[in-house]
Amino acid sequence: MRKNWVIKKQGDPKEILCLQEVMGVEYPIANLLVQRDIKTFEQAQAFFHPQLDHLHDPYLMKGMGEAVDRIDKSIQSGEKLLVYGDYDVDGTTAVALIYSYFRTYFKEIDYYIPDRYNEGYGISLKGIDYAAQNGFRLVIALDCGIKACEKIEYAKSKGVDFIICDHHNPGCKIPDAVAVLDPKQPGCNYPYKDLSGCGVGFKLVQAFNNRKGLPFADLTKYLDLVAVSIASDIVPITGENRVLTFYGLIKINEDPSTGLLAIIKLSGIQNKAVTVEDIVFRIGPRINAAGRMESGKKSVDLIISADEKSAQLIGDKINIFNTTRRDVDSTITQEALTMIQMDENLKYRKSTVLFNPKWHKGVIGIVASRLLDYYYRPTIILTKSNGFATGSARSVNGFDLYQAIEECSDLLENFGGHKYAAGLTMKLNNVNAFQDKFEKVVNEMISPDQLIPVVEIDAELQFDQITEKFYSVLKQFQPFGPENMAPVFFTESVSDNGDGKPVGVNAEHLKLSLVHESDPYKIYPAIAFQQGKIYPAIKDGLGFDICYSLEENIFRGESMIQLNIKDIKTD
């Protein structure tokens, strides 16, 4: 698939040179910092050396005082506490964090994860009934609830109070809960708006901890959970999230909780430094698998487990769920691709909306993401659940999927999400009408360029600038993630020295040994995933252009800098 190379706006040369001088770094490094709006020595210090005291006062968040007051009252009166959360990674880590912290304060505390299939996303009537019937007068809802106005009214009629901790965009009305914590809600002056759901939960325990006059050090044992939530929920790793992820990764690598350690071992990454990428592609999917295939409660059971044997047993079950999940999503992806290929109308649309009542609800979000790799356009995958069509949506770079779905809200029962990912539910007889209207909306809103995959490039780099010193500073830009992605560079007129070859089971990848006129005697190892077909055009010393990121490759105990090629352009 053709990709557009888009070079980011370069920093102001005067600002770059000034920062280069005060920092004592090379020009390309100073440029990367200025591109990230880091222009002073102090800002650079804060970026390269995150500090926990950079975290904001939790009481700056609207509703925090009321939330802590209600929790305190609940503890003093001996009430039971129910911790309620979504079934994905963000929700289950948030539940595990809040439950683990408050179980020393409440004599009776439990947690509740709604069933993806019988209850769906968010606060459910069944969950409220469970709380009321079992004597829970206070519920802390995590990673959900910001749109649950009617559900909160129902809970009040049952004598159940809710504290909502969410990070999603609110609707036109805020639920009338005891307290609503969401930095995105109107009137909230909290300085950082992009916390994960678990991050909002962490701010709640930080506020409670402060109220009790306890040291912040008591909370560092939960930072591994916060880091897992931030990485898995694909929220920006900037500002406060950068601090939380930085120290969360230290906790994961030096002293992970028993439950997370079991997942790390099952992921086969116990003998390496765990990164954000490892969380996204190895740890997160395993935690998610329980909620996709059976119950998210299993994930919480594992995360809070303090016993190695029980953690291993639960972990083994979750690993089986993950294997099953991979098989199911592979099958459904192939079925979805066949549906498009067999229908000329579907093939040439600017959006993809597919419905099959037999598809497994737990993997349709993954399938939507996979279809983006084949047909790069806004995609919604729907299945039947509880008498409705329910689905997951994924978007392309720069296109506001949430806004497009909102334009079709007259056909929906409910929806929620972000710019690039959303969930929605509609009546079965509205599927065809929604399919047509969504296509019309996308046609009106999307630009031709947004239908072509984009490789965002930070800057041009010459091979002679790739030094050990350069890379050692570049590594300090970690942790990488949204809005602080691993820098991507481009270099023109490189060539393979003749050692390059296709690799992989089906020769789908390329392993190259690159040279460039800027440093003709030095060879740079490179890997280009899923680009094996281009080999005939670049062999025999033919020149080509590349965009790539730099990474460390350790082979037989030796470390070397390797180019991870994102795309190749030939004449």
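The values are calculated or read from the model by the stated rules, or taken from the named source; none is laboratory data. What you see is a predicted model; the values in this text were computed from it and never measured. Cβ atoms come from the backbone with ideal geometry, glycine included; neighbour counts cover every protein chain shown. Keep in mind that these areas ignore ligands, DNA and RNA; they rest on the heavy atoms of the full protein, side chains included. Shrake-Rupley method; radii C 1.70, N 1.55, O 1.52, S 1.80 Å.
Details
- Positions within the range 33-46 being touching a residue at least 24 places away in the same chain (Cβ under 8 Å), touching a Leu at 6+ places or on another chain (Cβ under 8 Å) and not basic (Lys, Arg), in sequence order: Ala44
- Scanning the range 414-436 for residues that are within 26 Å of the chain's Cα centre (by Cα) and open to solvent by 70 Å² or more (accessible area, probe 1.4 Å) gives Asn414, Lys419, Tyr420.
- Restricting Asp224, Asp278 to residues that are closer than 28 Å to Pro50 by Cβ, part of a helix (DSSP H, G or I), open to solvent by less than 60 Å² (accessible area, probe 1.4 Å) and free of Cβ contacts under 8 Å to residues at least 12 places away in the same chain narrows the list to Asp278.
- Residues in the range 528-549 that are of a type in the set (A, V, I, L, M, F, W, C), open to solvent by less than 20 Å² (accessible area, probe 1.4 Å) and within 30 Å of Lys272 (Cα to Cα): Ala528, Ile546, Cys547.
- The one condition in (1) open to solvent by less than 70 Å² (accessible area, probe 1.4 Å); (2) at positive phi that Ser385 fails to fulfil: (2)
- Residues satisfying the stated conditions in the range 3-20, i.e. of a type in the set (A, V, I, L, M) and either farther than 30 Å from Asp373 by Cβ or modelled with pLDDT of 95 or more (or both): Ile16, Leu17, Leu19
- Any hit, the range 499-512, residues being at pLDDT below 95, more than 33 Å from the chain's Cα centre (by Cα) and of a type in the set (A, V, I, L, M): no
- Count of the range 91-114 residues which are open to solvent by less than 40 Å² (accessible area, probe 1.4 Å) and part of a loop (DSSP other than H, G, I, E, B): 3
- When the residues of the range 248-263 are filtered to those that are open to solvent by 10 Å² or more (accessible area, probe 1.4 Å) and closer than 23 Å to Glu551 by Cβ, the one that is farthest from the chain's Cα centre (by Cα) is Glu254.
- Filter result for Asp88 (at pLDDT below 95 and open to solvent by 40 Å² or more (accessible area, probe 1.4 Å)): no
- Among the residues making up the range 471-492, those that are open to solvent by 20 Å² or more (accessible area, probe 1.4 Å) and assigned to a strand (DSSP E or B) are Phe490, Glu492.
- Failed condition for Ala131, given (1) hydrophobic (A, V, I, L, M, F, W, C); (2) in contact (Cβ under 8 Å) with a residue 24 or more places away in the chain; (3) surrounded by fewer than 16 Cβ atoms within 10 Å (Cβ to Cβ): (3)
- When the residues of the range 329-345 are filtered to those that are open to solvent by 40 Å² or more (accessible area, probe 1.4 Å) and not acidic (Asp, Glu), the one that is modelled with the lowest pLDDT is Asn345.
- Under the condition of being under 23 Å from Thr104 (Cα atoms) and part of a loop (DSSP other than H, G, I, E, B), the residues counted in the range 195-221 number 4.
- Of everything in the range 392-413 that is open to solvent by 10 Å² or more (accessible area, probe 1.4 Å) and not in a loop (DSSP other than H, G, I, E, B), the residue that is nearest to Pro357 (Cα to Cα) is Ser392.
- Taken together, Asn241, Asn209 contain a single residue that is under 21 Å from the mean Cα position of the chain (by Cα), among the polar types (S, T, N, Q) and either surrounded by 22 or more Cβ atoms within 10 Å (Cβ to Cβ) or at pLDDT 95 or above (or both), which is Asn241.
- Qualifying residue in the range 247-260 (condition: of a type in the set (Phe, Trp, Tyr), under 24 Å from Tyr420 (Cβ atoms) and in a helix (DSSP H, G or I)): no
- Qualifying position, being exposed (fewer than 14 other Cβ atoms within 10 Å of the Cβ) and either at pLDDT below 95 or within 29 Å of the chain's Cα centre (by Cα) (or both), among Glu460, Glu456, Glu439, Glu468: Glu468
- Filter pass, Asp194 being open to solvent by 40 Å² or more (accessible area, probe 1.4 Å), within 14 Å of the chain's Cα centre (by Cα) and either without any contact (Cβ under 8 Å) to a residue 40 or more places away in the chain or closer than 24 Å to Ile279 by Cα (or both): yes
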